[in-house]
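A.B. asks: First the structure, then my questions, so here it is.
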Amino acid sequence: MTIRRVKIGDREGWDPLWKGYQNYYEVDLTETTENTWQRFMEPDANGPFCLVCEGESGELIGFTTYVFHAHTWHPEPRCYLVDLFTTSNLRGKGVGRALIEAVYEKADLHNCSQVYWLTQDFNEAGRKLYDKVAKLTPFVKYQR
């Protein structure tokens, strides 16, 4: 498998992954999909950025998105891994780990002090991986 930045010709392969992500989290992001895609094609210095995982036969089998941002606790920026999704039949096969490690590499190149992300508590498959590649924090999320 190959991890690389998403490109314009990937739209047909990315759309089903994006839909699968939405279905998994039971959300409808139809209204923002086109805007999100366009921002991937012309990201500013902070993103959002999108990496895709290409399978052996060239099909897209996963993606991740991330952004960089300033923070008050460190002079270096932080990296927020926004989205991560792999096709269901390949979960547990290293695709998610490879995508996370690719974001770690991008964050290191950007001199980030931290890479972090959120997930739903019901995401058992994801959390098994996350427990291996990162440290669970005690933070609780609030939102308006």
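The values are calculated or read from the model by the stated rules, or taken from the named source; none is laboratory data. Remember, it's a predicted structure, so these values are computed and weren't measured experimentally. Neighbour counts run over all protein chains shown; Cβ positions are idealised from the backbone, glycine included.
A.B. asks: Sort through Tyr142, Tyr104, Tyr130 and tell me the only one that's assigned to a helix (DSSP H, G or I), over 19 Å from Arg5 (Cα atoms) and not β-branched (Val, Ile, Thr).
C.D. replies: Tyr130
A.B. asks: Right, next: Here are Ala102, Ala98, Ala107: which of them is within 24 Å of Phe122 (Cα to Cα), touching a Cys at 6+ places or on another chain (Cβ under 9 Å) and small (Gly, Ala, Ser)? Break it down into steps so the answer makes sense when it comes.
C.D. replies: On the way: Ala102 fails: within 24 Å of Phe122 (Cα to Cα); Ala107 fails: within 24 Å of Phe122 (Cα to Cα).
Just one listed residue meets the conditions, Ala98.
A.B. asks: For the list (1) closer than 23 Å to Gly126 by Cβ; (2) in contact with a helix residue (DSSP H, G or I) (Cβ under 7 Å, 6 or more places away or on another chain); (3) touching a residue at least 24 places away in the same chain (Cβ under 8 Å); (4) not aromatic (Phe, Trp, Tyr), I need the number of the one condition that Met41 fails.
C.D. replies: Every condition holds for Met41 apart from (1).
A.B. asks: Looking at Lys106, is it in contact (Cβ under 8 Å) with a residue 40 or more places away in the chain and charged (D, E, K, R)?
C.D. replies: yes
A.B. asks: Out of everything in region 111-127 that is assigned to a loop (DSSP other than H, G, I, E, B) and either polar (S, T, N, Q) or at pLDDT 90 or above (or both), what residue ends up being farthest from Tyr66 (Cα to Cα)?
C.D. replies: Per the criteria, the residue is Asn123.
A.B. asks: Regarding Gly9, is this residue among the small types (Gly, Ala, Ser), more than 17 Å from the chain's Cα centre (by Cα) and at pLDDT 95 or above?
C.D. replies: Considered against the rule, which asks whether it is among the small types (Gly, Ala, Ser), more than 17 Å from the chain's Cα centre (by Cα) and at pLDDT 95 or above, Gly9 comes out as yes.
Residue-wise test of (1) touching an Asp or Glu at 6+ places or on another chain (Cβ under 7 Å); (2) loosely packed, with under 14 Cβ neighbours inside 10 Å.
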position	(1), (2)
Asn89	no, yes
Gly92	no, yes
Val103	no, no
Lys106	no, no
Asn111	yes, yes
Trp117	no, no
Gln120	no, yes
Gly126	no, no
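A.B. asks: Moving on. Among what's in region 44-80 and is polar (S, T, N, Q) and not in a loop (DSSP other than H, G, I, E, B), pick the residue that is surrounded by the fewest Cβ atoms within 10 Å (Cβ to Cβ).
C.D. replies: Thr65
A.B. asks: Moving on to the next point. Looking at region 73-80, can you tell me whether even one residue there is at pLDDT 95 or above and under 20 Å from Thr36 (Cα atoms)?
C.D. replies: yes
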